[in-house]
Amino acid sequence: MLASPEAARFVLVTHAHLFKPTYPKSKERLIGPHALFFHRGGYHARLRRLVQNSLAPQTIKKLIPDIQGIAASTLESWAASGQGVNTFYEMKKLSFDVGILSIFGHMERGFREMLEENYRKVDKGYNSFPTNIPGTAYQQAILARKRLNRILGEIISSRTEKRVLEKDMLGHFLSFKDENDIKLSDEQIADNIIGVLFAAQDTTASVITWVLKFLHDDPQLLEAVKAEQMAIYDTNNGGKMPLTWEQTRSMPLTHRVVMESLRMASIISFTFREAVVDVEYKGYLIPKGWKVMPLFRNIHHNPEFFPNPQEFDPSRFEVAPKANTFMPFGNGVHACPGNELAKLEALILIHHLVTNFRWEVVSSESGIQYGPFPVPQQGLPARFWKEPTQSQS
């Protein structure tokens, strides 16, 4: 276990070729063996470039109106219900919708419902005990994963028949050819689509849930964030005009709140690597085949880099952190390529939430639960309601 920035950089960046990503076989089987984060070398580099291009700022900025629509309708439904909601569970639905949008653009309702139903079963079984006994969560997940392959195969066939080159991630996958003019197989595309959905959903949902908790617990900070967002809201004719990419880049306080939430929660608390040869680091021998875990949470909570690390203090991000001390999305060639989309999704949701709604946490329980990502106890049960119009004038 490595808890220093230098050691994490050694494993993930400067000597990454001496280590390979390693995941339990049961999890690899559910996501699919061709997913990019199970690989290294040429195949990984090509796939990573494809995904990065699909989620680059010039691509995702075009998604802003649709992400706004998803965020607004989600918040409206929570407020309309009048009931408390499990914030994390509902954020997972929102992140899934944004993930589907970034991969497929606007997709037919039938395909979407089948995808969601089977994906939920895979998600439910992902961290369960891996046994093929009929009726267990893992076995149900394996069956659902096979159905997902068939559904994705149909979507790919339908897209191919139309001969329309879409600019979404699926379009990038379908048009790709390597240096030998070989295209990706349907199975490779399917595994990488499931991989991207998995990477995008729980992590983003966890971060946004923590943001809501930290803002709720600090009314003064919430008012300051609201003031920043109301200035943009008023510029947009009382929210009648959509947010622009430039506006999402001009939310300094809100951005710092997201950054500090990422540090405090450290959703990705560590990553798995395995030494592919005997490796020596600072006099220590890491034998071939041994697992190596850079511990991001330990680095993020080290008072040497972040004074009073248990305090939620967004102002610490007024100055850029020291190199390799802040790695909420990992580091090196396996760093998360979707980090800009995750931050954009969080900023858009916060904008709509603080300008149009109010909320209260309805559970007295504090603390953290892991599933496996850290979330507030019980997923932060909360009640949302519409902000009275006159207070926005």
Cross-link partners among lysines for residue 177, C-alpha distance below 21 Å, same-chain residues fewer than 8 apart left out? 162, 167
Are there any GluC sites (Glu not before Pro) in the stretch 329-393 that are in a DSSP loop and have at most 16 other Cβ atoms within 10 Å? List them by number. 365
Order by accessible surface, 1.4 Å probe, largest leading, for residues 348, 286 comes to 286, 348
Taking 7 Å along the Cα-to-C-beta vector as the label spot, tell me the residue 28-residue 227 distance in nanometres, rounded to one decimal. 5.4 nm
Per 0.36 nm of contour for each residue apart, how much would the distance between residue 157 and residue 111 grow if the chain were fully extended, relative to their Cα-Cα spacing? 15.3 nm
Probe 1.4 Å - accessible area at residue 6, Å² to nearest ten: 100 Å²
Partner lysines whose C-alpha sits under 17 Å from that of residue 27, ignoring same-chain residues fewer than 8 away, are 121, 124, 146, 291
Please work out the FRET efficiency for the pair residue 315 and residue 364, using the Cβ-Cβ distance as r and a Förster radius of 22 Å; give the result to the nearest 0.05. 0.15
Which aspartates and glutamates does residue 282 reach when only Cα atoms under 17 Å apart count, and residues fewer than 8 places away in its own chain are ignored? 6
With bins 5 Å wide starting at 0, give me the P(r) of the stretch 69-138 over every alpha carbon pair, in whole percents. 3, 13, 19, 20, 18, 14, 9, 4, 1
Of the accessible area of the chain, computed with a 1.4 Å probe and all protein chains kept, carbon and sulfur make up a percent value of 54 percent
Under Stokes-Einstein, with the Kirkwood radius over Cα pairs standing in for Rh, what whole-number D in µm²/s applies to the stretch 5-386 at 37 °C and 0.692 mPa s? 149 µm²/s
Just to verify a number: FRET efficiency for residue 149 and residue 89, C-beta to C-beta distance, R0 = 35 Å, to 0.05? 0.85
If you add up the charges near residue 214, with Lys and Arg at +1 and Asp and Glu at -1, over every other residue whose beta carbon is less than 12 angstrom from its beta carbon, what do you get? -2
Under a point spin-label approximation (7 Å from Cα along Cα-to-Cβ), what is the residue 272-residue 45 distance to one decimal in nm? 2.6 nm
Per residue, in Å², the accessible surface of the chain once ligands and nucleic acids are set aside, probe 1.4 Å: 47 Å²
Relative contact order (%) - the chain, alpha-carbon pairs under 8 angstrom, separation at least six: 28 percent
Choose one of 172, 227, 102: the residue whose Cα lies farthest towards the positive end of the charge dipole of the chain (beta-carbon charges +1 Lys, Arg; -1 Asp, Glu; about the Cα centre). 172
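The values are calculated or read from the model by the stated rules, or taken from the named source; none is laboratory data. Just so it is clear, the model here is predicted, and its values are computed rather than measured. Positions of Cβ are backbone-derived with ideal geometry, glycine not excepted, and every protein chain shown enters the neighbour counts. The accessibility values were calculated without ligands, DNA or RNA, using every heavy atom of the protein model including side chains. Shrake-Rupley method; radii C 1.70, N 1.55, O 1.52, S 1.80 Å.
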